[in-house]
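Working notes, structure below.
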Amino acid sequence: MMLAQSIADGILTGAIIALGAIGVSFGLQILKFANFAHSELLTWGAYLALVFVAFAGPGTPTAELSFGWQMMAAMALAALLTGCLAWLVDLLIFRRLRRTGAHPMSLVFAAFGAALIMRHVVVMIWGHGTHFYTRELQIALEVLPGVRMLPDQIFILGLTLAIVVALHLYLTYSRTGIAMRAMAESPSLARACGIEVESVIRWTWILSGALAATAGVFLGLTPQLHPEMGFSLLLALFAASILGGTGSLAGAVVGGLLVGLAENLSVLFIGSGYKTAMPFLVLLLVLFFRPQGLFGEKT
C-alpha cells in the first residue's frame with residue numbers, strides 16, 4: 001500500500017518537475033547555456049498568480065476542487081506575465097551578452113546573478129513568510145486500491161498531460177515550433193535557411209517562462225508558496241533535463257517523472273534524509289550507460 005502511494009506521489013512531483021524541466025531543456029539546446037535563473041521563474045509565476053487571487057479570490061470551489069474559475073484565470077495570467085518577464089530578463093541581460101560574443105560561462109554567471117536578484121525582489125515584495133491560494137479543506141479520493149489523491153492533485157496531473165500534448169503539437173506543426181526545433185538541431189543551418197534567430201529566442205523565453213509559471217502555480221497548490229520554492233527545485237530541474245536528453249520534450253517529461261519517483265521511493269527504503277540525492281544517483285547511472293540521456297542522440 002505504501003509503495004503504491006509513494007509511486008502516485010512521485011508521479012505528481014514528477015509532473016511538476018517535468019513542466020519546469022522543459023524550459024531548462026530549451027535553454028540548454030536552443031539558447032546554448034545553463035540558465036540557473038529558470039527556477040526563479042517558477043517562484044515568480046506562483047506569486048504573480050497570488051496577486052490575482054488576492055483581489056479576485058480563488059473562486060467558489062468547482063466540483064471537488066478547492067478553487068474556481070478565478071484560480072484558472074490567475075494561472076493563465078501568471079503564465080502570460082512570467083513569459084514576458086523571462087523575455088525582459090533576456091533583453092536586459094542575456095541578449096546584450098550574446099551581442100558582445102560573451103563566453104557561455106559568462107552567461108551562466110549572469111544567470112546566477114539574475115536568480116539572486118529575482119529571488120530577493122520576491123522577498124522584498126511578499127516577505128519571507130508562506131502564503132496560500134486557498135485554505136479550503138479537501139478529502140482525498142481513492143483512485144486505485146491503496147492510492148489516495150486530493151482532487152487538486154488529480155486536476156494537476158490531468159492539466160499537465162494536456163499541456164504536454166498541446167506543446168508537442170505546437171512544436172511539431174506550428175511555424176515557430178519548427179523553427180525552434182531547427183535551432184536546437186543546428187543554429188548555423190537554421191540561420192542559413194533564413195530563420196529569424198531573435199524571434200526564435202524570444203519565443204523560447206516566453207514559452208519557458210509560461211511553463212515555469214504553470215509549474216510554480218501547481219507547486220503552490222500543493223500546498224503553499226514560499227520564496228525558496230523555485231530554488232528548492234533547481235537541481236531537480238537540471239537533473240530531469242539532462243537525464244531525459246537535452247532538447248527533447250519527451251525526455252524532459254520522462255526525466256521529470258523519474259526524478260519525482262526517485263525522490264519519493266527513496267523515503268521508503270533509505271529515509272527522507274537522502275531524498276534530494278537520489279535523483280542524481282539515477283542520473284549518474286543513466287549517464288554511465290547512455291551519456292546523451294535517455295532520449296538524446298549521439299553526437
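The values are calculated or read from the model by the stated rules, or taken from the named source; none is laboratory data. Keep in mind the model is a prediction, meaning the values are calculated, not measured. When we count neighbours, we look across all protein chains shown, and the Cβ atoms used for this are built from the backbone with ideal geometry, even at glycine.
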| note | Across (1) surrounded by fewer than 16 Cβ atoms within 10 Å (Cβ to Cβ); (2) touching a Lys or Arg at 6+ places or on another chain (Cβ under 9 Å); (3) closer than 29 Å to Pro58 by Cβ, Trp87 clears everything bar (1)
| field | Condition broken by Thr134, with the remaining ones in (1) within 27 Å of Asp9 (Cα to Cα); (2) polar (S, T, N, Q); (3) not in a loop (DSSP other than H, G, I, E, B) satisfied | value | (3)
| query | Out of Leu19, Leu65, Leu50, Leu12, which single residue is buried (at least 16 other Cβ atoms within 10 Å of the Cβ), hydrophobic (A, V, I, L, M, F, W, C), in a helix (DSSP H, G or I) and over 16 Å from the mean Cα position of the chain (by Cα)? | reply | Leu50
| message | Criterion first (more than 30 Å from Glu136 (Cα to Cα), within 15 Å of the chain's Cα centre (by Cα) and buried (at least 22 other Cβ atoms within 10 Å of the Cβ)) does Phe26 satisfy it? | response | yes
| Within the range 96-112, how many residues turn out to be out of contact with any Leu (no Cβ under 9 Å at 6 or more places or on another chain) and in contact (Cβ under 8 Å) with a residue 12 or more places away in the chain? | 4
| Only one of Val282, Val254 that is part of a helix (DSSP H, G or I), in contact (Cβ under 8 Å) with a residue 12 or more places away in the chain, touching a Phe, Trp or Tyr at 6+ places or on another chain (Cβ under 9 Å) and surrounded by fewer than 23 Cβ atoms within 10 Å (Cβ to Cβ) | Val254
| remark: Only one of (1) closer than 30 Å to Tyr47 by Cβ; (2) out of contact with any His (no Cβ under 8 Å at 6 or more places or on another chain); (3) part of a loop (DSSP other than H, G, I, E, B) does not apply to Thr204, and that is (3)
| note | Reported set for the range 234-285 where residues are among the hydrophobic types (A, V, I, L, M, F, W, C) and touching a Lys or Arg at 6+ places or on another chain (Cβ under 8 Å) is Val267
| Looking only at the range 143-159, which residues are of a type in the set (Val, Ile, Thr) and either out of contact with any Leu (no Cβ under 8 Å at 6 or more places or on another chain) or exposed (fewer than 12 other Cβ atoms within 10 Å of the Cβ) (or both)? | Val143, Val147
| query | When the range 160-170 is examined, which residues are found to be buried (at least 17 other Cβ atoms within 10 Å of the Cβ) and either basic (Lys, Arg) or out of contact with any Phe, Trp or Tyr (no Cβ under 8 Å at 6 or more places or on another chain) (or both)? | reply | Ile163, Val164, Leu167
| Mind checking which residues of the range 72-94 are more than 19 Å from the chain's Cα centre (by Cα) and in contact (Cβ under 8 Å) with a residue 24 or more places away in the chain? | Phe94
| message | Here is a check on your reading of the model: is Arg135 basic (Lys, Arg), within 19 Å of Leu28 (Cβ to Cβ) and modelled with pLDDT under 95? | response | no
| request: Return yes or no: is Ala179 in a helix (DSSP H, G or I), in contact with a His (Cβ under 9 Å, 6 or more places away or on another chain) and farther than 28 Å from Ala74 by Cβ? | output: no
